[in-house]
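Right, one structure below, let's go through it.
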Amino acid sequence: MAAQSAAAAPGDKNPPVSYVPLAEKGAASGVATLDVESKIPPAQLPDLSRTYATVDSQGRQPVRKGELFLNVKDYGAAGDGVTDDTIAFQLVANIGGIAYLPAGIYIIASVSVTKNLSVVCQPGVTLKRAIGSDGAGTSYWAAGAAMFEVDAAGVTLQFSEFTYDGNSAKQTTTEPSGFFLKTSPPAVISGAPTTVRVNKGRFINGTSGYILLRGDDYRRRYETLTYLNDCHFSDTIYGKGKGDPSTPNALGYAPTYVMVMDYVKMRTKNFQAEFLKPTGTGQYAACAIKGTFYGQSHSMSGESSVFMHGTTEIRGLGRSGKRFDDDNEFKTNNGIGCIDMYGNAESLYIENVVAVDCKNVVIRAKGSLKNYTVLNAALTNCHRGLQVSPSSTGACETVVKVGNVNACGGAMPQLEFVGSSATDRLRSVTINSAHLLGTFTNPEGLGLQGVVHFRNITSLSVEGVTVIGAPSIGISVINVTTTNVSGRVDGVAGTGVGIYYDGGDFHNLNNFVINNTVGAGLYFATNPKKVTARDGCITNSTNYGIYLNTTTTEALVSGVDVDNVTGSSCGFYIGGGTSSFLNNKATNVRAPLSTANGARVRTVGNSWNGIQTTGRTAPTAGAWSVGDIVYNLAPLAGGTVGWICTTSGTPGVWKTFGAIAV
């Protein structure tokens with residue numbers, strides 16, 4: 001290939017730089033280089049004795065003065081969408097430095113990267129996977145599984161402004177292992193981190209996933225740092241359902257756009273991922289990000305972290321739980337989330353996520369994750385929203401922080417945080433606000449679970465959660481040690497209730513509104529040690545407004561209004577323990593308060609206790625009810641303590657009570 005003239009013009013502020021011959025570069029570094037020169041005819045090799053300008057045809061200056069700048073076309077690349085350019089790219093990778101790609105379509109199989117390499121692309125660059133180069137098909141870690149593979153310790157690999165085309169129609173294996181980029185543990189461990197930076201990359205036509213990041217799987221000997229800025233990931237091939245004969249040993253094969261394994265720290269900015277293909281029988285959508293561990297011992301491996309800044313946009317993603325021959329997509333919950341910290345991860349932090357039409361949980365993690373933070377989420381028609389599920393890789397450690405969530409439609413639960421057992425709980429869950437607008441569906445037939453569901457947690461704080469249109473339960477709280485909850489539930493179908501509690505020790509419910517429930521408004525199933533329900537309103541419930549079932553040690557219900565209870569039509573029910581009902585109101589009910597035998601109940605100032613006021617005589621005006629009491633403000637010897645209304649009316653019939661001795 002003819003070399004361009006590089007004579008510097010008088011006054012040139014950017015004089016040309018010299019290329020270093022490959023042999024000299026390799027000898028100087030002491031790193032073995034791939035012998036690719038012998039595969040290129042001498043006439044096509046660049047003239048390394050000459051110098052080349054750093055300014056492209058559009059007058060841009062992609063590198064700084066004095067930096068090594070390699071134009072891949074000077075090393076034999078055609079960029080015509082037909083010629084295999086792998087050898088040219090391998091030659092450039094062996095030299096290292098900064099590679100410049102003029103506009104074009106470059107066909108590449110696999111390139112091994114052992115030196116720092118920065119790839120700068122002119123607008124219009126496409127890197128296209130060579131036909132049939134999807135690796136071994138059975139191992140992600142086989143050589144050639146990715147277009148670019150980092151094969152040395154402490155290497156920095158960078159790409160800017162390009163399109164990666166996985167050429168999916170030309171790959172043939174059942175479970176392809178073709179990626180754009182792969183990192184894996186080097187043969188020689190170095191203290192320096194492996195670093196990957198991808199800016200403004202567009203990924204299409206994948207043959208599995210796109211980026212495969214594997215760090216240290218043994219006690220943090222080195223880091224793998226990854227930065228994805230303004231990247232867009234689109235359709236890859238379909239996943240395979242559980243039980244598919246083509247994947248007999250798989251629970252279900254799900255392509256993953258970005259896989260994060262072991263000691264990897266990844267930061268994204270304005271991450272976009274979508275899967276826009278319809279998923280029929282036996283097909284899965286892809287997952288955007290999956291964090292997991294490779295090492296056999298999760299106690300020594302894992303600990304990946306993902307930090308997502310800016311706006312994260314995902315659509316149509318997530319592995320559902322269906323089998324290969326089952327068109328009922330949500331028959332089981334054997335799925336993987338759209339963004340999923342699957343095993344023994346360290347941190348997940350998301351500033352703002354917008355999700356539409358996702359097939360499974362939008363943001364999911366196992367309970368062994370240490371920190372789960374989602375500051376803002378907008379979810380539309382998603383099968384499940386935010387979730388931490390029971391851990392399969394060690395004890396539960398998660399501290400959950402959720403800022404603001406808006407959800408419209410989809411399937412329940414939209415918020416679900418669950419520890420492993422009654423003794424292995426999530427440490428803490430805090431939700432600042434959520435507005436969940438249904439109607440939500442329940443395709444899995446979940447029983448005692450709400451649109452918002454908590455189970456096996458030590459400390460729970462929920463402020464300002466609104467659920468509208470629940471299929472069975474609005475909010476469910478099961479085996480949570482201490483809770484502080486406020487919110488609104490409006491419209492619960494099936495046989496469910498507004499807010500359901502079971503177990504736990506101390507429950508505090510404040511400033512709540514429950515309306516239009518087919519079951520009870522507020523239901524305590526079993527044995528909390530102490531319950532406080534203050535300043536609430538329950539309307540249009542069935543059988544009970546508030547139902548306290550069993551031997552609650554202590555309950556305080558204060559300032560709660562219950563109106564229009566049908567069925568058994570009881571405003572309040574207490575099944576045991578010691579309870580106080582203060583300043584509550586029950587209207588349009590058969591019985592305002594019902595108690596089980598042996599329950600100790602104190603009632604003061606409730607609507608069924610009558611009004612208690614003061615005066616100097618029995619009332620002669622106004623509307624009064626049976627049980628209303630007026631205490632005498634001027635008691636005298638031989639007089640009366642007060643007056644009580646025995647017949648409702650205006651003013652009704654009043655009788656004295658409590659004679660005062662002379």
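The values are calculated or read from the model by the stated rules, or taken from the named source; none is laboratory data. Quantities reported herein were computed from a predicted structural model and do not represent experimental measurements. FYI the Cβ positions are ideal-geometry reconstructions off the backbone, even for glycines, and counts take in every protein chain you see. Surface areas here come from the heavy atoms of the whole protein model, side chains and all, with no ligands, DNA or RNA. Shrake-Rupley method; radii C 1.70, N 1.55, O 1.52, S 1.80 Å.
Here are a few things to note about the model shown:
- Cβ-Cβ FRET estimate between Leu636 and Ile611, R0 fixed at 30 Å, reported to 0.05: 0.80
- When the residues Asp230, Asp85 are ordered by accessible surface, computed with a 1.4 Å probe over the protein chains alone, the sequence from largest down reads Asp230, Asp85.
- Ranking Ser110, Ile211, Gly519 by Cα position along the charge dipole of the chain, where only Lys, Arg, Asp and Glu carry charges on their C-beta atoms, puts Gly519 farthest toward the positive end.
- If the chain linking Ser428 and Val399 were pulled fully straight, counting 0.36 nm for each residue of separation and taking away their Cα-Cα distance, it would gain 10.0 nm.
- Amide H within-cut-off set for Gly567, under 5 Å, with H built and near neighbours excluded: Asn543
- Placing pseudo-labels 7 Å out from each Cα toward the beta carbon at Phe506 and His309 gives an inter-label distance of 3.9 nm.
- Distribution of pairwise C-alpha distances over region 543-602, 10 Å bins, in %: 26, 56, 18
- Normalised by the number of residues in the chain, the mean separation of alpha-carbon contacts (under 8 Å, six or more apart) gives a relative contact order of 5 percent.
- Ranked by solvent-accessible area (1.4 Å probe, protein heavy atoms only, all chains present), the residues Leu276, Leu446 order from largest to smallest as Leu276, Leu446.
- Close amide H contacts of Arg315 (hydrogens built in the peptide plane, cut-off under 5 Å, sequence separation of 5 or more or a different chain): Ala273, Glu274, Phe275, Val356.
- Distant alpha-carbon pairs in region 148-235 (separation over 20 angstrom), percent: 40
- Accessible area (Å², 1.4 Å probe, nearest 10) - Trp608: 60
- Comparing the chain with the 2.2 N^0.38 Å rule of thumb, its C-alpha radius of gyration ratio is 1.31 (two decimals).
- Surface listing: Cys121, Cys408 arranged by accessible area from highest to lowest gives Cys408, Cys121, probe 1.4 Å.
- Here is the tail figure for region 434-507: Cα pairs spaced more than 21 Å apart come to 21 percent of all pairs.
- Cα-projected label distance for Ser112 with Val626, points at 7 Å along beta-carbon direction, nm: 9.5
- Under the Karplus curve 6.51 cos²θ - 1.76 cosθ + 1.60, θ = phi - 60°, whole-Hz ³J(HN,Hα) for region 121-127, x wherever Gly or Pro sits: 10, 6, x, x, 8, 10, 9
- Rounded to 5, percent antiparallel among DSSP beta bridges of the chain: 5
- Cβ charges +1 (Lys, Arg) and -1 (Asp, Glu), total dipole of the chain, debye: 1320
- The C-alpha radius of gyration of region 517-625, expressed as a fraction of 2.2 N^0.38 Å, stands at 1.12.
- Between the C-alpha center of region 67-133 and that of region 393-460 there is a gap of 47 Å.
- Within region 66-158, the ratio Rg/Rh, alpha carbon atoms throughout and Rh by Kirkwood, equals 0.96.
- Selected from Thr393, Ala378, Met412, residue furthest toward positive end of dipole (region 337-413; charges at beta carbon): Met412
- Rolling a 1.4 Å probe over the protein heavy atoms leaves Ile237 with an accessible area of roughly 40 Å².
- FRET efficiency, Asp535 to Asp80 (Cβ-Cβ, R0 60 Å, nearest 0.05): 0.25
- Surface accessible to a 1.4 Å probe, His453 within the full protein complex, Å²: 10
- Both the radius of gyration and Dmax for region 327-444 are 13.4, 38 Å, in that order, over alpha-carbon atoms.
- Per principal axis, descending, Cα span of region 185-315 in whole Å: 47, 35, 22
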